[in-house]
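Written below as structure tokens is the structure these notes are about.
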Amino acid sequence: MHAADHHGGTTGPGPVRATATRRPAALRFGEPGDLDCLVALREARAWRDDAPVGAPGDFLLGSDREQYRAHVAHGRVMVSVADDGGIDAFSVVLDDATFRASELWGQRHHADLPAELVARFEGARLAYFDQLVARPGHAWGSARLAFAHLVDVMRRHDAVLATTVVEPVVNVAALPFLRTFGFAVVGHVDETHAQIGVLRSAVHLLTRDAFERRMAQPDARRFAARVASCTGGGGGELE
């Protein structure tokens, strides 16, 4: 998961509680008219060649305008809409078919993953949480968005995977969210990026059973109710 709050803070909520005092932004699926905002937010967190090697931080990799256009067209993008109609945050989740066509899925037999787990993946419906990014000051809002997207994806999949970079830099932005909602590190995978070279990422897994156990806890139920109270806001509303 390439995740970042625009100013470099974490996107996770820590303990699952609503701390925002302003009216929550509406959540909906992405639309073609959102493309400019998606690209602008992504560029704000793109990898920089002058980023110090080994420095802690968070960044986004990949996805150009045409890829975002395809993601929107196939319902893979969810956005948080501000009062002025702008986009405060967005998330991208790949469905099973899209994930299995990806380069990352092709690396599964070369990853540092338990063989029995890889075998289970072959017959499961898997989603991949690819991106989460927000404007400054929207850390809780982006966690709320990510949670809503996770709930939607879990309706159609057996498990959700995510990756976070650990070398040559450590991407910490998504970790609070991943830990809070039950993701567990199950291994590591090495990828080659054109700008950076070899990237080593931790692989995080959330099964439906683990998610349901987490959501049975009181703090998670309260958080889910708060998210449900502020979904919608235009075409492609959440159910």
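The values are calculated or read from the model by the stated rules, or taken from the named source; none is laboratory data. Owing to the predicted nature of the structure, the values given are computational and were not obtained by experimental measurement. No Cβ is skipped: glycine too gets one built from the backbone with ideal geometry, and neighbour counts run over all protein chains shown.
Give me a count of the residues in the range 90-117 that are over 30 Å from LEU41 (Cα atoms) and in contact with a Gly (Cβ under 9 Å, 6 or more places away or on another chain).
5
Quick check on the range 68-103: of everything there that is of a type in the set (D, E, K, R) and part of a helix (DSSP H, G or I), which residue is farthest from ALA159 (Cα to Cα)?
Narrowing the range 68-103 to residues of a type in the set (D, E, K, R): 69, 76, 83-84, 88, 95-96, 100, 103.
Add one more test, that the residue is part of a helix (DSSP H, G or I), and what stays is 69, 96, 100, 103.
On the way: ARG69: 25, ASP96: 10, ARG100: 13, GLU103: 19 Å.
Within the range 68-103, the match that is farthest from ALA159 (Cα to Cα) is ARG69.
Which residue, of ALA73, ALA115, is over 20 Å from the mean Cα position of the chain (by Cα) and either of a type in the set (Ser, Thr, Tyr) or at pLDDT 90 or above (or both)? Quick ask: steps written out before the conclusion?
Working: ALA73 fails: over 20 Å from the mean Cα position of the chain (by Cα).
One residue alone meets the criteria, ALA115.
Could you tell me which residue of the range 86-112 is surrounded by the fewest Cβ atoms within 10 Å (Cβ to Cβ), considering only residues that are modelled with pLDDT under 95 and among the charged types (D, E, K, R)?
Within the range 86-112, the match that is surrounded by the fewest Cβ atoms within 10 Å (Cβ to Cβ) is GLU103.
I'm checking my understanding of the structure. Among residues of the range 118-154 that are part of a loop (DSSP other than H, G, I, E, B) and modelled with pLDDT under 95, which one is nearest to PHE211 (Cα to Cα)?
Taking the range 118-154 and keeping what is part of a loop (DSSP other than H, G, I, E, B), we get 123-125, 135-138.
Then keep just the ones that are modelled with pLDDT under 95; that gives 123, 135-138.
On the way: GLY123: 19, ARG135: 27, PRO136: 29, GLY137: 27, HIS138: 24 Å.
Looking at the filtered set, the residue picked out is GLY123.
Write out, first by first residue and then by second, each pair whose Cβ atoms fall under 8 Å of each other, whose residues are 6+ apart or on separate chains, and whose first residue, in the range 186-201, is part of a loop (DSSP other than H, G, I, E, B) while the second is loosely packed, with under 13 Cβ neighbours inside 10 Å and of a type in the set (Asp, Glu).
Filtered contacts from the range 186-201: GLN195/ASP49.
Test LEU206 against the criterion of being in contact with a His (Cβ under 6 Å, 6 or more places away or on another chain), buried (at least 21 other Cβ atoms within 10 Å of the Cβ) and either at pLDDT below 95 or not acidic (Asp, Glu) (or both), and give yes or no. First the steps, then the outcome.
On the way: in contact with a His (Cβ under 6 Å, 6 or more places away or on another chain): no; buried (at least 21 other Cβ atoms within 10 Å of the Cβ): yes; either at pLDDT below 95 or not acidic (Asp, Glu) (or both): yes.
Spelling it out, it is not the case that LEU206 is in contact with a His (Cβ under 6 Å, 6 or more places away or on another chain), buried (at least 21 other Cβ atoms within 10 Å of the Cβ) and either at pLDDT below 95 or not acidic (Asp, Glu) (or both).
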